[in-house]
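A.B. asks: Got a structure for you, written out below as structure tokens; questions coming shortly.
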Amino acid sequence: MTDENISILRKDRNYSKYFDEDYDFEDFCSGITHFVAYNISFDSQFLNIPYMRKFCTMNENVNNVKIEGKYGKYKWPKLNETAKFYGIEVDEFCTHRSDYDTYLCKEIFVRMLKDNNYNKKILEFLNIEK
């Protein structure tokens, strides 16, 4: 995300560009044990939430999206690349906004749940028997 895009999105708001701690989010998540995110290993390192069960829509899609990387292996796909793989329309101006990225991640997760290759794994993650 460019500094220009950040300025456009922030408008006249004067809150910090970065937060060191976000206790309100941890309070909001109180009692939640299952978390789905894109690149969740990165995000979860900033949260102090015990017993977090994680499902990473990025890691789970490396072998689906199949974008060539270095050394003959597939690279970690970007969120917009994975969304496009699942036929989800992406507004490139809105990417990297937390609300929009959350929407894309949810849409990817829903498409994965409908995919016979993934629904069993997701139901196991959710502890739901099919």
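The values are calculated or read from the model by the stated rules, or taken from the named source; none is laboratory data. Since this is a predicted model, take the numbers as computed values, not measurements. Every residue, glycine as well, gets a Cβ built from its backbone with ideal geometry; the counts of neighbours run over all protein chains shown.
A.B. asks: Would you check if there is a residue in the range 53-69 being of a type in the set (S, T, Y) and either at pLDDT below 90 or over 21 Å from M112 (Cα atoms) (or both)?
C.D. replies: Filtering the range 53-69 for residues of a type in the set (S, T, Y) gives 57.
Still in the running and either at pLDDT below 90 or over 21 Å from M112 (Cα atoms) (or both): none.
No, the range 53-69 contains no residue that is of a type in the set (S, T, Y) and either at pLDDT below 90 or over 21 Å from M112 (Cα atoms) (or both).
A.B. asks: Can you list residue pairs whose Cβ atoms sit under 9 Å apart, with the first residue in the range 113-130 being of a type in the set (S, T, N, Q) and assigned to a loop (DSSP other than H, G, I, E, B) and the second being modelled with pLDDT of 85 or more and surrounded by 13 or more Cβ atoms within 10 Å (Cβ to Cβ)? Count only pairs 6 or more apart in sequence or on different chains.
C.D. replies: Qualifying pairs under 9 Å: N117/N64.
A.B. asks: Next question. Can you tell which of S44, S30, S98 is among the small types (G, A, S), without any contact (Cβ under 8 Å) to a residue 60 or more places away in the chain and surrounded by 13 or more Cβ atoms within 10 Å (Cβ to Cβ)? Before you say what the answer is, go through the steps one by one.
C.D. replies: Values: S30 fails: surrounded by 13 or more Cβ atoms within 10 Å (Cβ to Cβ); S98 fails: surrounded by 13 or more Cβ atoms within 10 Å (Cβ to Cβ).
That would be S44, the only listed residue that is among the small types (G, A, S), without any contact (Cβ under 8 Å) to a residue 60 or more places away in the chain and surrounded by 13 or more Cβ atoms within 10 Å (Cβ to Cβ).
A.B. asks: If you don't mind, there's one more thing I want to ask. Mind listing just one residue for me: the one in the range 50-79 that is under 18 Å from C105 (Cβ atoms) and among the basic types (K, R) and, of those, surrounded by the most Cβ atoms within 10 Å (Cβ to Cβ)?
C.D. replies: Out of the qualifying residues, it is K78.
A.B. asks: Can you tell me which residue is nearest to D27 (Cα to Cα) among those in the range 50-97 that are part of a helix (DSSP H, G or I) and in contact with a strand residue (DSSP E or B) (Cβ under 8 Å, 6 or more places away or on another chain)?
C.D. replies: Keep residues of the range 50-97 that are part of a helix (DSSP H, G or I), which gives 59-65, 70-72, 79-85.
Then drop every residue that is not in contact with a strand residue (DSSP E or B) (Cβ under 8 Å, 6 or more places away or on another chain), which leaves 62-63, 65.
Values: V62: 32, N63: 35, V65: 35 Å.
Taking the candidates together, the pick is V62.
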